[in-house]
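The next block holds one structure in the form of structure tokens; read it before the comments.
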Amino acid sequence: MRRKPVEVLIADGGKGEGGTLRRSLGMWQLTMISIGATLGTGIFVVLGEAVPDAGPAVTLSFVIAGLTALFSALSYAELAGTIPVSGSSYSYAYATLGELVAWICGWCLILEYGVSVAAVAVGWGDYLNELLRGTLGVTIPTALAAPPGDGGVFNLPALLVVLLAMAFLLGGARESARANTVMVVVKILALLLFCAVAFAGVRAGNYTPFMPLGMAGVSAAGATLFFSYIGFDAASTAGEEATNPQRDLPRAIILSLVIVTALYVLVAAVAVGAHPWRDFEGSEAALAGILTSVTGHEFWAVLLAAGAVVAIASVVLTVLYGQTRVLFAMSRDGLVPAFLSRVHPRTGAPRANTVVVSLFCGALAAAVPLGRLADATSIGTLFAFALVNIAVLVLRRTRPSMPRAFRAPLAPLTPLLGLGLCLWMMGSLDEATWVVFGVWMAAGLALYFGYGVRRSRLAATTEK
């Protein structure tokens, strides 16, 4: 139950083994990191799985998932401005709820960031195949383009995009942020292009019945689509590389979520209006197929596929970045091996950390089917978000006079709503996902009590 004081967390900011992280990111770059980590996953990949559950009401599912994310985003914004460090919700929990809860939160973030990188990389391969088929008339053989369980042997494209993101990250945060900004602009333009072209195919009849499977279907789709909102908190992992974190982090988190939600709802509304909802079943590159059916030409689908290849690559890049920074903070606290917080003196990047995380995520991407990955990531994310909402309430009570650059409005109501919605959406996930989550938690607790609890640097300081 030992807690790490906020002042100590901030004082440790940027410090790693053999070097320090560099403060080089402004509000624009931070917003682009959060948009890059969020925008694309749900629309380009998971939409095909959610529409069969909710029907045309998938737009409502996006709104529900977005509101769930918003309440938690307000809590993230408050804590990011108060405790601007790399560990995101792991560090917030360490300051408010104690080391064991912080470990659990960090372990959930490893599931959230690490596994979602793999899931997104799998979707990237689908759009790469669409692009290759439309431009060169070739496709990657199924054996090399799908994981076991989805008819393949090894998903080579998914592994390649993770390794490409790793190469960018090894160059440092500033260089990665520049590449990400270009990719974010491309994917926003691609989604707006889809809306403009597919709108010609919208038919009123495709919106009826609006809610064919009832509110239960909308809720289930919302829980799946929540996967597409993870990433808005990515900016909070950059707390030690932001030039003015107290001011810029809260703004970047809220602004990115508003932009992403508006685009998701717009694109989903056009997609289900232009394509019968029953035909979305089994489609992981749904938007490209819609453009082909609406226009009768492959050109627009190829153009969208090119945008999706860039879009999803930016998700892989920014989410992988967030994962490395969470592990950096956990390593600095002694809860995972010290080499994960070693900083390269020239680039200011945790190189060993980046390589280990990338290889782990690449292996998952090559070997595990998309659907199970998405749901497992959602439950880990929801659990971590629930802890962040609790952390806001605890810090408000224990440190009421602490300076806060941003205060969640209507607290304690908004954190309590965020907590309640996270628990409700967790309950909408199926039993198999809970089993995966339980096994993951058991493994994490075994690792903490077998390694972290005895090597904790806070414990060593307390004993002295």
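Return yes or no: is Pro276 out of contact with any His (no Cβ under 8 Å at 6 or more places or on another chain) and surrounded by 24 or more Cβ atoms within 10 Å (Cβ to Cβ)?
Numbers: out of contact with any His (no Cβ under 8 Å at 6 or more places or on another chain): yes; surrounded by 24 or more Cβ atoms within 10 Å (Cβ to Cβ): no.
When the stated conditions are applied, Pro276 does not pass them.
All of Val258, Val270, Val294 fail the test of being more than 11 Å from Val197 (Cα to Cα) and of a type in the set (Val, Ile, Thr), apart from Val258. All of (1) over 21 Å from Gly36 (Cα atoms); (2) surrounded by fewer than 24 Cβ atoms within 10 Å (Cβ to Cβ) hold for Ala329 with one exception: (2).
When you go through Leu189, Leu169, Leu156, Leu193 one by one, which is the residue that is modelled with pLDDT of 85 or more, loosely packed, with under 15 Cβ neighbours inside 10 Å, touching a helix residue (DSSP H, G or I) at 6+ places or on another chain (Cβ under 8 Å) and not basic (Lys, Arg)? Break it down into steps so the answer makes sense when it comes.
On the way: Leu169 fails: loosely packed, with under 15 Cβ neighbours inside 10 Å; Leu156 fails: loosely packed, with under 15 Cβ neighbours inside 10 Å; Leu193 fails: loosely packed, with under 15 Cβ neighbours inside 10 Å.
One residue alone meets the criteria, Leu189.
Screening the candidates Ala252, Ala221, Ala216 for the property of being small (Gly, Ala, Ser), modelled with pLDDT under 90 and either at positive phi or surrounded by 23 or more Cβ atoms within 10 Å (Cβ to Cβ) (or both) yields one hit, Ala221.
Inspect the range 413-427 for any residue being touching a residue at least 40 places away in the same chain (Cβ under 8 Å), crowded, with 18+ Cβ neighbours inside 10 Å and in contact with a Pro (Cβ under 8 Å, 6 or more places away or on another chain) and give the result as yes or no. Looking through the range 413-427, none of the residues is touching a residue at least 40 places away in the same chain (Cβ under 8 Å), crowded, with 18+ Cβ neighbours inside 10 Å and in contact with a Pro (Cβ under 8 Å, 6 or more places away or on another chain).
Checking the range 290-312 against the condition returns a match, with at least one residue being surrounded by fewer than 24 Cβ atoms within 10 Å (Cβ to Cβ), of a type in the set (Gly, Ala, Ser) and in a helix (DSSP H, G or I).
Does Trp124 count as in a helix (DSSP H, G or I), closer than 23 Å to Met32 by Cβ, under 17 Å from the mean Cα position of the chain (by Cα) and of a type in the set (Phe, Trp, Tyr)?
Working: in a helix (DSSP H, G or I): yes; closer than 23 Å to Met32 by Cβ: yes; under 17 Å from the mean Cα position of the chain (by Cα): yes; of a type in the set (Phe, Trp, Tyr): yes.
Yes: the conditions hold for Trp124.
Reported count of residues in the range 99-143, each being crowded, with 24+ Cβ neighbours inside 10 Å and polar (S, T, N, Q), is 1.
What are the residues in the range 428-458 that are of a type in the set (D, E, K, R), without any contact (Cβ under 8 Å) to a residue 60 or more places away in the chain and touching a helix residue (DSSP H, G or I) at 6+ places or on another chain (Cβ under 8 Å), if any?
Narrowing the range 428-458 to residues of a type in the set (D, E, K, R): 430-431, 454-455, 457.
Going one step further and asking which of them are without any contact (Cβ under 8 Å) to a residue 60 or more places away in the chain, we end up with 430-431, 454.
Residue satisfying the conditions is Asp430 alone.
A single entry from Ala93, Ala73, Ala65, Ala57 fulfils the requirement of being over 30 Å from Tyr207 (Cβ atoms) and part of a helix (DSSP H, G or I): Ala93. Scan the range 80-90 and tell me whether some residue there is in contact with a strand residue (DSSP E or B) (Cβ under 9 Å, 6 or more places away or on another chain), touching a residue at least 40 places away in the same chain (Cβ under 8 Å) and either at positive phi or not aliphatic (A, V, I, L, M) (or both). Yes, the range 80-90 has at least one match. Counting the residues of the range 329-346 that are under 19 Å from Thr461 (Cα atoms) and outside any helix (DSSP H, G or I) gives 5.
For the range 189-200, the criterion of being under 23 Å from the mean Cα position of the chain (by Cα), farther than 22 Å from Val315 by Cβ and of a type outside the set (Gly, Ala, Ser) is met by no residue. Yes or no: Gly151 in contact with a Ser or Thr (Cβ under 8 Å, 6 or more places away or on another chain), loosely packed, with under 15 Cβ neighbours inside 10 Å and at pLDDT below 90? So Gly151 fits the description; yes.
Looking only at the range 74-98, residues that are surrounded by fewer than 24 Cβ atoms within 10 Å (Cβ to Cβ) and either over 21 Å from Thr414 (Cα atoms) or under 19 Å from the mean Cα position of the chain (by Cα) (or both) come to 1 in all.
The values are calculated or read from the model by the stated rules, or taken from the named source; none is laboratory data. A quick note: this is a predicted structure, and the numbers were derived from the prediction, not measured. Heads up, the Cβs are rebuilt from the backbone with ideal geometry, glycines too, and the neighbour counts pull from every protein chain shown.
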